[in-house]
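The values are calculated or read from the model by the stated rules, or taken from the named source; none is laboratory data. No experiment lies behind these values; they were computed from the predicted model shown. A quick note on method: Cβ atoms are made from the backbone with ideal geometry, for glycine too, and the neighbour counts reach across all protein chains shown. Remember, those area values only see protein heavy atoms, side chains included, never the ligands or the DNA or RNA. Shrake-Rupley method; radii C 1.70, N 1.55, O 1.52, S 1.80 Å.
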Amino acid sequence: MRTPRVSVVIATYRREQVLCETLEEILSEDYPDFEVIVADQTEKHEPATERYLKELGDRIRHLRLPEPNLTAAENAGIREATGEVVLFLDDDVRITPGLIAAHAANYADGRWAGVAGMVTHDDRPPTRRLPRICTFSKAGWFFFIHQYHRRVEVRVAPGGNMSFRREALLE
């Protein structure tokens with residue numbers, strides 16, 4: 001099965017250590033063809049964060065945006081994306097290995113224009129029927145569960161874990 005190129009877009013605003021943790025986790029993904037685009041709306045990061053972002057070098061595309069606006073940041077990421085699939089992640093989430101592959105696998109079926117992954121927070125733990133995957137971030141507990149047993153139609157997609165065919169976004 002051919003794997004589509006995936007552009008991971010992370011819009012960020014005034015996040016420091018949690019942004020670095022999110023980037024570290026996504027960059028450690030074992031997926032054959034992906035890029036990471038950070039749409040950064042932060043005026044000035046703490047020195048440790050600036051140093052980390054510079055150390056990543058060409059492992060990410062770091063876009064500096066002049067003012068905070070989530071929609072503008074995500075649109076900038078879409079414009080810069082080179083992947084067939086654009087995966088949006090929040091800047092303060094924790095993921096488990098396989099997230100990119102789980103999103104990408106859904107696009108083998110040409111009927112799907114978008115994929116919504118589950119995101120739960122500390123006040124809504126996952127059900128026992130699904131695997132429980134949790135890690136802590138300063139913003140709370142985030143659970144990314146992508147081992148679904150079947151596809152279902154959804155009316156909304158959680159902004160912190162959703163992907164779309166780039167061509168659909170551009171239309």
task = Take the stretch 35-47 and flag every residue that is surrounded by 11 or more Cβ atoms within 10 Å (Cβ to Cβ) and either assigned to a loop (DSSP other than H, G, I, E, B) or of a type in the set (A, V, I, L, M) (or both).
result = V36, I37, V38, A39, Q41, T42, E43, H45, E46
request  = Being modelled with pLDDT under 95, open to solvent by less than 10 Å² (accessible area, probe 1.4 Å) and of a type outside the set (A, V, I, L, M, F, W, C) narrows it down to one of T22, T12, so name that one.
outcome  = T22
key: Among residues of the stretch 47-58, those that are under 16 Å from A11 (Cα atoms) and under 18 Å from the mean Cα position of the chain (by Cα), counted   = 1
note = Within the stretch 48-70, the residues that are outside any loop (DSSP other than H, G, I, E, B), within 16 Å of C20 (Cβ to Cβ), open to solvent by less than 100 Å² (accessible area, probe 1.4 Å) and not hydroxyl-bearing (S, T, Y) are A48, E50, L53, L56, G57, H62
inquiry  = Restricting to the stretch 79-109, give me the number of residues that are modelled with pLDDT of 95 or more and surrounded by fewer than 18 Cβ atoms within 10 Å (Cβ to Cβ).
reply    = 4
ask   = Can you find a residue in the stretch 25-34 that is within 13 Å of the chain's Cα centre (by Cα), modelled with pLDDT under 95 and either open to solvent by 30 Å² or more (accessible area, probe 1.4 Å) or among the charged types (D, E, K, R) (or both)?
value = yes
